[in-house]
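Accompanying notes for the structure given below.
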Amino acid sequence: MKGHPGGMEHSLNMLTLSQLLPGSSILDMGAGAGETVRLFRNREYKVRGMDLKPQSEEVEQGDFLQSGFSEELFDGIISQCAFFVSGNVQKALLEACRMLKPGGILMLSDVCPKGQDLGRQAEEAGFLVLYAEDLTTQWKEYYIEAIWRGTADCVPCQVKYNYQMVICRKKE
Ligand SMILES: C[S@@+](CC[C@H](N)C(=O)[O-])C[C@H]1O[C@@H](n2cnc3c(N)ncnc32)[C@H](O)[C@@H]1O
């Protein structure tokens with residue numbers, strides 16, 4: 001079972017869109033089993049992963065809403081399918097903005113209640129949206145697969161949601 005819609009292909013697409021170069025420091029907020037951490041490390045990025053309930057040794061235990069990381073530490077941050085389940089998307093966005101260096105890149109894909117816009121929320125937190133895409137079709141396939149396998153506990157059991165991807169730059 002993939003931890004987020006689109007699996008590794010989606011993660012690599014986000015990395016490409018970020019234009020971050022190998023060697024860049026990246027934090028995965030809500031890294032789960034560390035799939036994206038390993039994937040990016042194998043491409044020579046310096047990646048750390050944080051999760052409330054780490055599922056592998058590559059991921060550190062911690063609450064990304066109060067991570068304890070210092071300001072302006074990372075060149076990039078990725079979060080897939082985690083801000084929404086944290087229960088406080090706006091706080092997660094503000095924390096991501098705080099931890100990024102000026103000009104740093106946030107790669108975010110997440111569930112979003114219909115009528116809300118992840119890009120607008122990111123702008124309110126101090127980001128400039130570089131790219132946005134609606135991935136609801138991909139998410140529906142993922143959701144059906146999760147229900148089928150009985151692993152849908154991380155997926156909100158409602159239907160009136162979209163799944164959005166935004167790539168943003170922290171305003172300088
Ligand atoms: C749907 S899973 C996605 C995991 C991973 N991003 C992936 O794509 O495989 C959501 C993850 O977010 C984590 N999470 C939710 N709120 C969190 C918080 N405040 N701090 C750290 N992790 C959190 C959960 O523990 C869970 O592992």
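Structure notes:
- Protein accessible area in region 7-170, 1.4 Å probe - carbon and sulfur %: 50 percent
- Loop sites in region 38-130: trypsin sites (Lys or Arg not before Pro), DSSP, at most 12 other Cβ within 10 Å: Arg43, Lys114
- Contact order normalised by residue count of region 7-170, Cα under 8 Å, 6+ apart, percent: 21 percent
- Springs join every pair of Cα atoms under 10 Å in this Gaussian network model of the chain, and among Ser70, Ser11, Ser79 the largest mean-square fluctuation is at Ser70.
- Local net charge near Gln164, Cβ-Cβ under 10 Å (Lys/Arg +1, Asp/Glu -1): -4
- With the convex hull constructed from alpha-carbon coordinates only, region 7-170 shows a mean projected area of 8.7 nm² over all directions.
- Largest mean-square fluctuation among Thr136, Thr16, Thr36, in a Gaussian network model of the chain whose springs join Cα atoms under 10 Å apart, belongs to Thr16.
- Among Leu100, Leu128, Leu21, residue whose mean-square fluctuation peaks in a GNM of the chain (springs only between Cα atoms under 10 Å): Leu21
- Those lysines that a straight Cα-Cα span of less than 26 Å connects to Lys171, excepting residues fewer than 8 apart in one chain: Lys46, Lys91, Lys101
The values are calculated or read from the model by the stated rules, or taken from the named source; none is laboratory data. On a predicted model such as this, the values are computed, not experimentally measured, just so you know. Because the Cβ atoms are built from the backbone with ideal geometry, glycine has one as well, and the counts that use them run over all protein chains shown. Only protein heavy atoms, including side chains, enter the accessible area calculation; ligands, DNA and RNA are left aside. Shrake-Rupley method; radii C 1.70, N 1.55, O 1.52, S 1.80 Å.
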